[in-house]
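Written out below as structure tokens is the structure these notes cover.
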Amino acid sequence: MLNKKIKILYLLTRVNIGGPAMHVALITSKLDKQKFDSYVACGQLDKDEGDMSYVFAKQNIDLIKIPGLVRPISLFNDLVALFSILRLLFVIQPDILDTHMAKSGCIGRLSATIYNLINTILVRPHRIKKLHTFHGHIFEAYFSAFKTRLFLFIERFLANHTETLFVISKTQKDDLLNKYKIGIQKQYQKINLGLDFNYLENTYPDENIEQCFSNFKDKLKIGFIGRLVEVKDPLFLITLLKELNDNIKEQIHFFVAGDGNLKDELLNKIKENKLTEYITYIPWVKDLKTLYSNLDCVYLFSLNEGTPIVILEAFYFNLFVASTPVGGVVDLLSTSHKLNIIDGDFLKVDRGYLVKNYDVNAWTAVTLHLIKEKKNKNLALKEFVINNYSIETLVKNMENCYNYWVGRDVSTPH
């Protein structure tokens, strides 16, 4: 092993627009090619999801498609995926299986556990080390109480067969370890997501995006960027705008950029409630520089989050961020965890604003505040995100962990 490259198989449920796909693409492209061979496998996109496979294509990374690996629960598809992944493990024989997202983390680690058991029975020496990254979790705001309890049982079982559990914020680790009782302390390793911020600069200008902003230069331009799905709660935007008085609405304009299963419902509600003059919809765009450069702030109404890439991107352009205090958002916006957010009001913290879920009065208050503050940008945000969320630091930490688990480094990865 000491003279061989370490083989790593990355497994994602799908490569939809979002943090996990970008995370894996960047790590894979930046690993030391003299020491590591990497493979990326994934399943199929859901209907209406944005496709991020172009990020892998840009890095000349081939994607291995796994039959049956889809986000919805399906006994038939899940069994097909299990055997497909198991077959792939025997073909590649990776030293490390690095899984991302819930479904691939479940079926992937189960497949690797079966692989190791088969090799034990056949007295073969090769064993796969299993690592899993929680970019968020599915134990809040996703499923019914029964399904949530079932998934918790499965996740606790899988944790017993996993070498390292990566988390992307302190709050997330506290939730998984103490609230949901998944794994034990020594399994956890906190990593900051890493971005190669050149992708925000090296974009092809899109005149259509620029044109969207031309009529709103004097207004507070608010971005809602990301997947239009239940956990992101984009429909709260309709509730908020319906409650705002005309004077406030005349001073703001929302730009919704993204796609997802709630897109049609959102667009229909915008028309039904006669809000088209206050909201511009923009499909998925690659010209992020033009998009962010024209915004004043970004809002997140999420019910659950890991470390939202949209906040890191907004910081890069020194934009105000107002968000619900969920998951890793609190760690990203504030240095304090002892926060008291009062009903009907927002809390200004180190790098943004925290606002309670569904609190229309609080979101109204923060909007009024940002109308007054839009010219007073925090110019330290870009420096903060570059210093703390660089791809170079992330890759170094991941390489150290991989080396540890194949016996090339006797120091602990934690």
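Looking only at region 55-79, count every residue that is in contact with a strand residue (DSSP E or B) (Cβ under 8 Å, 6 or more places away or on another chain) and part of a loop (DSSP other than H, G, I, E, B) and tell me the total.
Our first condition is that a residue be in contact with a strand residue (DSSP E or B) (Cβ under 8 Å, 6 or more places away or on another chain); within region 55-79, this holds for 56, 61-66, 69.
With the extra rule that they be part of a loop (DSSP other than H, G, I, E, B), the set shrinks to 61-62, 66, 69.
Here the count works out to 4.
For region 207-258, give me each residue that is among the charged types (D, E, K, R) and within 25 Å of the chain's Cα centre (by Cα).
To start, the set of residues in region 207-258 that are among the charged types (D, E, K, R) comprises 207, 210, 217-219, 221, 227, 230, 232-233, 242-243, 246, 249-250.
Listed by number, the residues that qualify are K221, R227, E230, K232, D233.
Which residues, taken from region 80-106, are touching a strand residue (DSSP E or B) at 6+ places or on another chain (Cβ under 6 Å) and in a loop (DSSP other than H, G, I, E, B)?
Within region 80-106, P94, D95, M101 meet the criteria.
Which residue, of R156, R124, R109, is under 18 Å from R71 (Cα atoms), basic (K, R) and without any contact (Cβ under 8 Å) to a residue 60 or more places away in the chain? Even if it seems obvious, please write down each step before you answer.
On the way: R156 fails: under 18 Å from R71 (Cα atoms); R124 fails: under 18 Å from R71 (Cα atoms).
Matching residue, one of R156, R124, R109: R109.
Need a quick list: helices (runs of 4 or more DSSP H) entirely within region 292-375 having at least 1 residues that are of a type outside the set (S, T, Y), more than 30 Å from S214 (Cβ to Cβ) and touching a Phe, Trp or Tyr at 6+ places or on another chain (Cβ under 7 Å). Write out each step before concluding.
Numbers: elements: 309-316, 329-333, 360-373.
Output list reads 360-373.
Out of (1) among the aliphatic types (A, V, I, L, M); (2) over 20 Å from the mean Cα position of the chain (by Cα); (3) farther than 28 Å from W405 by Cα, the odd one out for A81 is which?
The number of the failed condition is (3).
Here is a yes/no grid of residues against (1) hydroxyl-bearing (S, T, Y); (2) in contact with a Phe, Trp or Tyr (Cβ under 6 Å, 6 or more places away or on another chain); (3) crowded, with 19+ Cβ neighbours inside 10 Å:
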position	(1), (2), (3)
S53	yes, no, no
N60	no, no, no
A81	no, no, yes
R87	no, no, no
Q93	no, no, no
R127	no, no, no
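So which of K356, K374 ends up being among the charged types (D, E, K, R), out of contact with any Pro (no Cβ under 8 Å at 6 or more places or on another chain) and more than 30 Å from K33 (Cβ to Cβ)? Reasoning before the result, please.
On the way: K356 fails: out of contact with any Pro (no Cβ under 8 Å at 6 or more places or on another chain).
Matching residue, one of K356, K374: K374.
Within the group V80, V40, which residue is in contact with a Pro (Cβ under 9 Å, 6 or more places away or on another chain) and at pLDDT 95 or above?
Details: V40 fails: in contact with a Pro (Cβ under 9 Å, 6 or more places away or on another chain).
Within the list V80, V40, the selection yields V80.
Within region 165-180, is there a residue that is farther than 20 Å from G328 by Cα and either modelled with pLDDT of 85 or more or aliphatic (A, V, I, L, M) (or both)? I'd like the intermediate steps shown before the answer.
Of the residues in region 165-180, the ones farther than 20 Å from G328 by Cα are none.
So far as region 165-180 goes, no, none of its residues is farther than 20 Å from G328 by Cα and either modelled with pLDDT of 85 or more or aliphatic (A, V, I, L, M) (or both).
Would you confirm whether or not region 124-146 contains a residue that is part of a helix (DSSP H, G or I) and over 21 Å from the mean Cα position of the chain (by Cα)? Outline the logic, then answer.
At the first step, the residues of region 124-146 found to be part of a helix (DSSP H, G or I) are 145-146.
With the extra rule that they be over 21 Å from the mean Cα position of the chain (by Cα), the set shrinks to 145-146.
Checking region 124-146: at least one residue is part of a helix (DSSP H, G or I) and over 21 Å from the mean Cα position of the chain (by Cα).
The values are calculated or read from the model by the stated rules, or taken from the named source; none is laboratory data. All values derive from a computational prediction rather than experimental measurement. Note that we place each Cβ from the backbone using ideal geometry, even for glycine, and neighbour counts take in every protein chain shown.
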